[in-house]
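The values are calculated or read from the model by the stated rules, or taken from the named source; none is laboratory data. Model, not experiment: these values are computed from the prediction. Please note: Cβ atoms are built from the backbone with ideal geometry, for glycine as well, and neighbour counts cover all protein chains shown.
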Amino acid sequence: MAIHWITEENEKRIDALLAEMTLEEKIGQMRQPGPSLVGAFEVSFEELLDMRFDGKISDEEFQKMMSSVKMDYREEEVKAGKVGSFNGVSGAETVNAIQENALQSRHKIPLLFGMDVIHGYKTVYPIPLALAGSFEPELYRRAAEMAAEEASAAGVHWTYAPMVDVARDARWGRISEGAGEDTYLASVFAVHTVQGFQGEDISDGKHIIACAKHFAAYGGAEAGRDYNTIDISEQKLREVYLPPFEAAIKAGVGTLMPAFNDISGVPCSVNHQLLTEILRDEWGFEGFLISDANAIDECVNHGIAEDRKDAARQSVLAGMDMDMSSDCFFQNLEQLVKEGKVAEAEIDQAVRRILRLKFALGLVDQPIRTNTEREQETMLKPEFRALAREAAEKSIVLLKNENEALPLAGGKTLALIGALAADGEQMLGAWAMGGDGEACVSVKAALEAARQPFTWISGRKEDGSVDSEGIRTLCGQADIVLVAAGEQKEESGEAASRGELSLHPEDRDILRLVKESGKKSVLLLFNGRPLVLTEEVELVDAILECWHPGTEAGNAIVNILTGKVNPSAKITASFPAAVGQCPIYYNHTSTGRPAGKGKFTSKYLDIPVEPLYPFGYGLSYTSYEYADLKAEIREEAFQIEVTVKNTGERAGEEAVQIYLQDVAASRVRPVKELKAFEKVALEAGEQRKLCFTIPVAEMGFYSAGAVAAKPARIVESGLFRVYAGGNSRDTLCTEISYAEL
Ligand code: BGC
């Protein structure tokens, strides 16, 4: 049941408040600062971060400076009603103390505390890109619900999640934060995550307001470079990037965050078409918009605004409600109203939307919603850890398994190489702000706890170079060698685009040494994006894509290594065979010259055209066979049947995927598109017939001209292909004709 943010009773209370508030107090509601830092350093915090990044100060010096820093929670401004929300502050004691200040303001309007609770708070679940690969909507929901329970106990009211950006370029570091390259999957992920965070009763104290971000097309950043421009047709915008946002809104999401980027020349922060025409007029969104951090100010850099005041004017007129960090609204809106450049009614509108959520959350009636006791009891509860483990087990993808490398046979001597195998904190992945690194279980710790004899070395010398001798000696003594490699958690997420997607050269050298030893080997990958593994695949017997799996990383991995758990996850973003393929995604449109043997076909001279691993791919310790694919059209829906059999010797779970293709239409259509999936548990030898009903309208698209004139999805009569399989490449196919009613 989607939450409705507008209720008659609350609207009346808001009317009464608005009638009493001064313009300055109203603008205060639209302001979301972070705490300011009062430190012994002379430069701004941003400059300090740059200095650290540029190596002008060491990590140690930075930490030392930070330890002398005090947070200033803007007490006087809060008491004067000049702040509406805080960003990035949590902890029951701190939040409650600041809230007490807000309650001393004239209208006693409580502050909304927002934070990036992206994949868990204290207990951390796998990164979203990994979790999406479970193909289990209920798991998406449960992980978000538990994150909400912890975060709310720590005083957080609102998370800037889910990120529902479709991402098709692995160079973009933020691919880790969303569901991957597919629009349908991103929509399912959006709906269930929003439902998990917000629950059925947003005022129950255990749920938090969600925020679908980044509106829109942020994942389309040109060349995969973060914050870069996007120039796309409106058709592509509407068909590929917008549906997950619309789905989130239908699920009742309370807030949206416009993206940093411009779309075809108009930055999202000042984009009236997006923020008002599509969002409010077409979709009827009832919640409010929070800008991305400093994004309003950045409209000056974009060259779309003359100065900060102009940026504030354009943004508020486009439909933005709250300003994160930049203070452009706070410093300029009053003047803009006085000058008649912004009508006070615009301000009232934004404040109304913000207050709606404060009322709906129950914040106005119960501003203090947690305490330190509740906070302590709630963090890292056994059931959260159990869910984190289940989620990790269901997110880890078996990419390769030859020579019976996995599951590990008993009685063998095990070697473990790589710093990542011993570093719990690294398992948190990107955007785990509240995450407890010390609570994370590394692979090494989990093997020890499982009393599995093994020897670990980092494989590196103190200077970071490869410890060839150590590796050779260790391999000499072992029967099977596990190598942990990939990316540090800082290597994905925001501002973490990469131009090379291979393993770091030292890690590759380690794999070469292991290969030379002739011993059986398993690569344990930890990373926040698809990597190019073309060479690595040849060097090892098995690859387990563990991603950044969160708090229970090691335990989940050991359960898979030993066969206690049979891997079932699939990748939700194609793994390129070479970085030059990026962006690469399975649901591309047909070209006039599809890749083939002939020279003049759409391909490369020097690299393959197919990805190394396609969307939806993932192995298990058993095997599945698909048969009897049938399709018919009844009641304006594709009625599809397929039988799936577990042909191996172990029980397992398979994510059965259904793709459709509109074979000929008045616009070029994708070669196939995921339209349904179901995860089935099958005992060894068991088979099951699965039935899917996909409304024909799901194949709708925006026709030429109609997009600009009157946006409407259409479906045309004609031939459709139906595909079923365990990934987007290896599928059965049948055809069916559809005739419009
Ligand atoms: C990111 C957002 C995030 C915000 C607040 C920005 O830099 O783009 O995704 O929610 O910071 O931390």
Next item on the list: For TYR140, state whether it is without any contact (Cβ under 8 Å) to a residue 60 or more places away in the chain, away from the ligand (no atom under 16 Å from the Cβ) and of a type in the set (Phe, Trp, Tyr).
Entry: yes
Next item on the list: Select from the stretch 2-49 the residues that are among the acidic types (Asp, Glu) and more than 20 Å from GLY88 (Cα to Cα) and list them in ascending order.
Entry: GLU8, GLU9, GLU11, ASP15, GLU20, GLU24, GLU25, GLU42
Margin query: Just to be sure I understand, how many residues within the stretch 194-232 are free of Cβ contacts under 8 Å to residues at least 60 places away in the same chain and among the polar types (S, T, N, Q)?
Written below: 3
Checklist line | Of the criteria (1) surrounded by fewer than 21 Cβ atoms within 10 Å (Cβ to Cβ); (2) in a loop (DSSP other than H, G, I, E, B); (3) in contact with a strand residue (DSSP E or B) (Cβ under 9 Å, 6 or more places away or on another chain), which one SER602 fails | finding: (3)
Next item on the list: Out of the residues in the stretch 565-585 that are of a type in the set (A, V, I, L, M) and in a loop (DSSP other than H, G, I, E, B), state the one that is nearest to the chain's Cα centre (by Cα).
Entry: ALA573
Item checked: Candidates GLU25, GLU42, GLU47 - the one that is more than 25 Å from ALA360 (Cβ to Cβ), charged (D, E, K, R) and either assigned to a loop (DSSP other than H, G, I, E, B) or in contact (Cβ under 8 Å) with a residue 24 or more places away in the chain (or both) -> GLU42
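Sort out which residues of the stretch 387-443 are in a helix (DSSP H, G or I) and among the β-branched types (Val, Ile, Thr), and write them in order of number. Can you show your working first?
Applying the first criterion (in a helix (DSSP H, G or I)) to the stretch 387-443 yields 387-393, 419-422, 425-428, 437-439, 443.
Scanning the stretch 387-443 gives a single hit, VAL443.
Quick grid of which residues meet (1) closer than 30 Å to GLY114 by Cβ; (2) within 16 Å of the ligand (Cβ to nearest atom); (3) surrounded by 15 or more Cβ atoms within 10 Å (Cβ to Cβ); (4) free of Cβ contacts under 8 Å to residues at least 40 places away in the same chain:
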{"site": "MET427", "(1), (2), (3), (4)": "yes, no, yes, no"}
{"site": "ALA430", "(1), (2), (3), (4)": "yes, yes, yes, no"}
{"site": "ALA445", "(1), (2), (3), (4)": "no, no, yes, no"}
{"site": "PRO453", "(1), (2), (3), (4)": "no, no, no, no"}
{"site": "GLY459", "(1), (2), (3), (4)": "no, no, yes, no"}
{"site": "GLY464", "(1), (2), (3), (4)": "no, no, no, no"}
Margin query: Being farther than 30 Å from GLU277 by Cβ and surrounded by 15 or more Cβ atoms within 10 Å (Cβ to Cβ): is that true of SER728 here?
Written below: yes
Notebook entry, point to check: Does any residue in the stretch 575-597 that is free of Cβ contacts under 8 Å to residues at least 60 places away in the same chain come within less than 6 Å, Cβ to Cβ, of a residue that is of a type in the set (S, T, N, Q) six or more places away or on a different chain, and which pairs are these?
Noted result: ALA577/THR534; THR591/SER602; ARG593/THR601; ARG593/SER602; ALA595/THR601; ALA595/SER602
Notebook entry, point to check: Can you tell which of GLU277, GLU306 is more than 15 Å from the ligand (Cβ to nearest atom), in a helix (DSSP H, G or I) and surrounded by fewer than 24 Cβ atoms within 10 Å (Cβ to Cβ)?
Noted result: GLU277
Next item on the list: Considering each residue of the stretch 646-670, count those that are under 24 Å from PHE135 (Cβ atoms) and either surrounded by fewer than 18 Cβ atoms within 10 Å (Cβ to Cβ) or outside the structural domain of PHE720 (by TED's automatic domain parsing) (or both), and give that number.
Entry: 5
Next item on the list: Exactly one condition in (1) surrounded by fewer than 17 Cβ atoms within 10 Å (Cβ to Cβ); (2) closer than 30 Å to LYS564 by Cα is not met by GLU635; state its number.
Entry: (2)
Notebook entry, point to check: Out of the stretch 671-681, which residues are of a type in the set (A, V, I, L, M) and either surrounded by fewer than 19 Cβ atoms within 10 Å (Cβ to Cβ) or assigned to a loop (DSSP other than H, G, I, E, B) (or both)?
Noted result: VAL671, VAL680, ALA681
Next item on the list: Look at the stretch 378-394 and say how many of its residues are under 14 Å from ALA553 (Cβ atoms) and β-branched (Val, Ile, Thr).
Entry: 0
Checklist line | Close pairs from the stretch 327-341: first exposed (fewer than 15 other Cβ atoms within 10 Å of the Cβ), partner modelled with pLDDT of 95 or more and of a type in the set (Ser, Thr, Tyr), Cβ under 7 Å, at least 6 apart | finding: none
Item checked: Matching residues, the stretch 311-329, being out of contact with any helix residue (DSSP H, G or I) (no Cβ under 8 Å at 6 or more places or on another chain) and charged (D, E, K, R) -> ASP327
Check: Which residues, counting only those in the stretch 309-353, are of a type in the set (Lys, Arg) and part of a helix (DSSP H, G or I)?
Finding: LYS309, ARG313, LYS338, ARG352, ARG353
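Table: residues versus (1) of a type outside the set (D, E, K, R); (2) closer than 19 Å to LEU398 by Cα.
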position	(1), (2)
LYS599	no, no
VAL609	yes, no
TYR626	yes, no
ILE640	yes, no
LYS645	no, no
GLY648	yes, yes
VAL668	yes, no
Check: Which of the residues belonging to the stretch 421-466 are within 16 Å of GLY554 (Cα to Cα) and of a type in the set (D, E, K, R)?
Finding: ASP423, GLU425, ASP436, GLU438, LYS444, GLU448, ARG451
Check: Restricting the search to the stretch 198-216, which residues are more than 14 Å from the ligand (Cβ to nearest atom) and either under 14 Å from the mean Cα position of the chain (by Cα) or charged (D, E, K, R) (or both)?
Finding: GLU200, ASP201, ASP204, LYS206
Checklist line | Residue ID - farthest from the ligand (Cβ to nearest atom), chosen from residues in the stretch 144-164 that are under 17 Å from GLY429 (Cβ atoms) and under 11 Å from the mean Cα position of the chain (by Cα) | finding: PRO162
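Within 15 Å of the ligand (Cβ to nearest atom), within 29 Å of ARG225 (Cβ to Cβ) and either under 23 Å from the mean Cα position of the chain (by Cα) or free of Cβ contacts under 8 Å to residues at least 60 places away in the same chain (or both): is that true of ASN271 in this structure? It would help to see each step written out before you state the result.
Details: within 15 Å of the ligand (Cβ to nearest atom): no; within 29 Å of ARG225 (Cβ to Cβ): yes; either under 23 Å from the mean Cα position of the chain (by Cα) or free of Cβ contacts under 8 Å to residues at least 60 places away in the same chain (or both): yes.
No: the conditions fail for ASN271.
Being without any contact (Cβ under 8 Å) to a residue 12 or more places away in the chain and either of a type in the set (S, T, N, Q) or in contact with a Ser or Thr (Cβ under 9 Å, 6 or more places away or on another chain) (or both) is true for just one of ASP365, ASP436. Which residue is that? Reasoning before the result, please.
Details: ASP436 fails: without any contact (Cβ under 8 Å) to a residue 12 or more places away in the chain.
Only one candidate qualifies: ASP365.
Could you tell me how many of the residues in the stretch 539-563 are touching a helix residue (DSSP H, G or I) at 6+ places or on another chain (Cβ under 9 Å) and either hydroxyl-bearing (Ser, Thr, Tyr) or free of Cβ contacts under 8 Å to residues at least 12 places away in the same chain (or both)? Let's see the steps before the verdict.
Pass one, the stretch 539-563, residues touching a helix residue (DSSP H, G or I) at 6+ places or on another chain (Cβ under 9 Å): 539-540, 543-561.
Next, from what is left, pick out any that are either hydroxyl-bearing (Ser, Thr, Tyr) or free of Cβ contacts under 8 Å to residues at least 12 places away in the same chain (or both): 551.
Of the residues in that region, 1 qualify.
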Notebook entry, point to check: Out of (1) crowded, with 16+ Cβ neighbours inside 10 Å; (2) modelled with pLDDT of 95 or more, what's the single condition that is false for SER468?
Noted result: (1)
Check: Restricting attention to the stretch 217-245, and to residues there that are within 13 Å of the ligand (Cβ to nearest atom) and small (Gly, Ala, Ser), which single residue is nearest to VAL164 (Cα to Cα)?
Finding: GLY219
